[in-house]
Structures are given as structure tokens and as C-alpha cells.
Amino acid sequence: MTPDGQMLAMLLERPGQPLRATRMPIPVPDGQQLLLRVSACGVCRTDLHIVDGELAPHRSPLIPGHEVVGYVQQCGPEVRGYAAGDRVGVAWLGGSCGQCPYCAMQAENLCEQASFTGYDLNGGYAQYMLADARYVFRLPARYDDVHAAPLLCAGLIGYRAYAMAGQARRIGLYGFGAAAHILCQIACHQGREIYAYTRPGDIRAQELALSLGARWAGASDQAAPVQLDAAILFAPDGALVPLALAAVRKGGVVICAGIHMSAVPAFPYALLWGERTLRSVANLTRADGEAFFRLAQDCPLQTHTTVYPLAQANLALAALRSGAVGGAAVLVP
Ligand SMILES: [Zn+2]
Ligand SMILES: [Zn+2]
């Protein structure tokens, strides 16, 4: 704890404006909440959509950040199973109602009253934060804090999208950033073939893809070297949808993994014909997290990170916006 009970937080006061470095009181945990001392927080493209106002604000002012590694500092009165000093990870799903039809069918990711970290709830762009103990994850010991942070969204939501690809053997990844660079390693570990599509001219991302085991890397407007069984779109560009549909075989699937995407242009029905599927992936469930971290325990994932001090969160966001981040950006208080 800081002596004056205050912490540094990067606050979003109005979408479209830079975050403001603010001193504010360290929050006090209630009920099932843990007070965490944040040690690393990944910067996700969703944060950028929130900060830039592409997603409607849910709370103002807001502390963004939903790829948080932290240490339990204090437990709320109803918390069981955690003690001071435990390391945990906080992801995008911060809470769900447990009662709606979606929660009842193990689809808490679609819960009507879900609360999301760094969107409905204050997140990890701060020295301390609160998190519901029932929604945090234990993290595999093989990853240090900075390298574990990107696993919490880029890894986890990437994994949910990957699961939607079923048994697909040849998988195209469109947008080779934080999520794709983790997923590429899991897929290669499982004997699948990865074809990486990047922004035209982004040689660095193409080289990263090849170094992580991709069979092929090229620009998103290049023709695929083979017919794909599935394509996963991480880049928020709707114009990629028809390109990806054209690249998958009959019966293949195109999965849009981002929370926001620019408009999908009209395309001929022939691209969807042949029982191709176009679908989105929304949020995550706790079961996804448990399955993913079991896999991350066995499969040594290298996360390529660029570290920024917490106070430079605006720089990290700007780098992500311009495509200048190699791998994943991580803030360290
Ligand atoms: Zn619910
Ligand atoms: Zn995210």
C-alpha cells in the first residue's frame, strides 16, 4: 500500500481524448472482491475501441485494462480460497448474473447482464484494482507477470476463436498481432498449419509469423497458397470478410474474433455458398480460461511483449493504433 492510501490510475474521462494520469484512493474490497496490486496489464485492441469511442461508453470516468496480472493484497469478507500474496489473472469477463437463459446454458459470455473489466468495471491501467474472486484465474508458474498478461485476452479470446474452428487443419489468421502470435504457437504445437495474413508491407509481422511456425505469411490481399479449412479475423476490417470467405474451402468457417469491426461490404452469395459459415466470437467463459491455461501450462508459449510504464499508456495505445507494436504491449506500474 502507498503510505497515503492513494494510487496512480490512467483515467478515461471522455472517449476520443487521451487518458489522464490521476491520483485517486485505493479501492476497498467488498463481498467477493479481491484487492489486487497490479503488476502488469496488457493493452488490447478492445481498449483502443473504448478509448477512441468506437464502443459506446458504459462507465465514466473509467480505468481501462482487462489483461491484468496482480497479487492479492486484501480479500473481501466473502472471499474463499485466496490469500494475500496469491498471483491471479483478471480477464475481460468480470461478472455474470448466473440466472439468465445464457448463463443457464453455459454461455455466460453472452449473459444479458455481464460486466466487463475495463469497460463496466474499473480495470488494470492502475496500481491497484478490484476483481471478483469467482472470475479470476490462477496462472501457470512458467510465465512471468509481463509475459502472462497478454494471455488473458489475446490468448484467451484467440483460443475461443480457435475452438470455433473445430478440427480445421489449415487455418488462416488475418491480422498478426497479439492474439495471432499466441494462437499460431498453439496451433503449430497441435500439428495444424497456419497461414498468416498481415497488413500489406508489414514485413516484421510476417517474419514474426514465420519464426513462430507459420507455413506461409503474406499480405491480406494476396491469394492464399492453399484452400483454407478455416479463417480467423483479428484485424477489425470488415473488408477482410469477403477475402477470407474466398480463401476457405466448401464447408469451411470464417470467424470474426474482434468486438468491433468496420462495415462488411456486400459480397456475392457465391462466396458463402457451399455451406461456408460466417460467425463471430463474443467474450469468454470461465471454462474457456480454465481450458486455455491448462494448455498454456503444457505448451511453452512465447509472448513477444513491448513494455511501457503505466504513465505512458497513451503512447502504448498510439503505437497499437498505428500498428507499430510488435507482439503485445504491456503496461507496468
Ligand atoms: Zn446471465
Ligand atoms: Zn481484450
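Tabulated results
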quantity	calculated
log₁₀ of I(q)/I(0) at q = 0.07, 0.10 Å⁻¹ - the chain, Debye sum with one point per alpha carbon	-0.27, -0.56
Dipole magnitude of the range 157-280, debye to nearest 20 (Cβ charges: Lys/Arg +1, Asp/Glu -1, about Cα centre)	280
Computed E for Arg215/Gln302 - FRET, C-beta separation, R0 25 angstrom, nearest 0.05	0.85
Accessible area of Thr305 in the full protein assembly, 1.4 Å probe (Å², nearest 10)	40
Expected 222 nm ellipticity per residue - DSSP helices of 4 or more, -39500 (n - 2.57), all of the chain, to 500	-6500 deg cm²/dmol
Net lengthening on full extension, Leu272/Glu54 (0.36 nm per residue, minus Cα-Cα)	75.7 nm
Cut-off under 5 Å, modelled amide H: who pairs with Asp237 long-range	Ser262
Segment Cys188-Gln113, length gained on full extension (0.36 nm per residue, minus Cα span)	23.3 nm
Dipole magnitude (debye, nearest 20) for the chain, charges at Cβ of Lys, Arg, Asp, Glu	520
5 angstrom amide H check on Ser39, placed H, neighbours 5+ away	Val69, Gly70, Tyr71
Cα shape, the range 268-333, gyration tensor, a/c 1.5 rule	oblate
Part-to-part distance (alpha-carbon centres) for the range 205-221 and the range 225-296, which is given in Å	18
Between the range 110-160 and the range 50-88, the Cα center-to-center distance that results, in Å	7
Inter-site label distance for Leu315 and Ala263 at 7 Å from Cα along Cβ, in nm	3.8
Accessible surface of the chain, 1.4 Å probe, proportion on carbon and sulfur as whole %	52
Phi-based couplings in Hz for the range 58-74 (Karplus 6.51, -1.76, 1.60; Gly and Pro marked x)	10, 7, 8, x, 9, 9, x, x, 9, 10, 10, 10, x, 10, 5, 9, 7
Accessible area per residue in Å² at 1.4 Å probe, computed on the chain	42
As computed over the range 157-280, the Cα convex hull volume per residue (Å³)	89
Size of charge dipole - the range 256-318 - debye, nearest 20, with Cβ of Lys, Arg +1 and Asp, Glu -1, no other charges	100
Efficiency of FRET from Cβ geometry, Ala83 and Ala287, R₀ 22 Å, rounded to 0.05	0.35
For the range 140-145, 3J(HN,Hα) per residue [Karplus equation, 6.51 cos²θ - 1.76 cosθ + 1.60, θ = phi - 60°, Hz, x = Gly/Pro]	x, 5, 5, 9, 6, 4
Inter-site label distance for Arg279 and Gln17 at 7 Å from Cα along Cβ, in nm	4.2
Residue order for Arg160, Arg138, Arg249 - accessible surface, 1.4 angstrom probe, largest first	Arg138, Arg249, Arg160
Relative contact order, percent, the chain [alpha-carbon distance under 8 Å, six or more residues apart]	18
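The values are calculated or read from the model by the stated rules, or taken from the named source; none is laboratory data. All values reported here derive from a predicted model rather than from experimental measurement. Cβ: placed from backbone, ideal geometry, glycine included. Neighbour counts: every protein chain shown. What goes into the accessible areas is simple: the full protein's heavy atoms, side chains included, and nothing from ligands, DNA or RNA. Shrake-Rupley method; radii C 1.70, N 1.55, O 1.52, S 1.80 Å.
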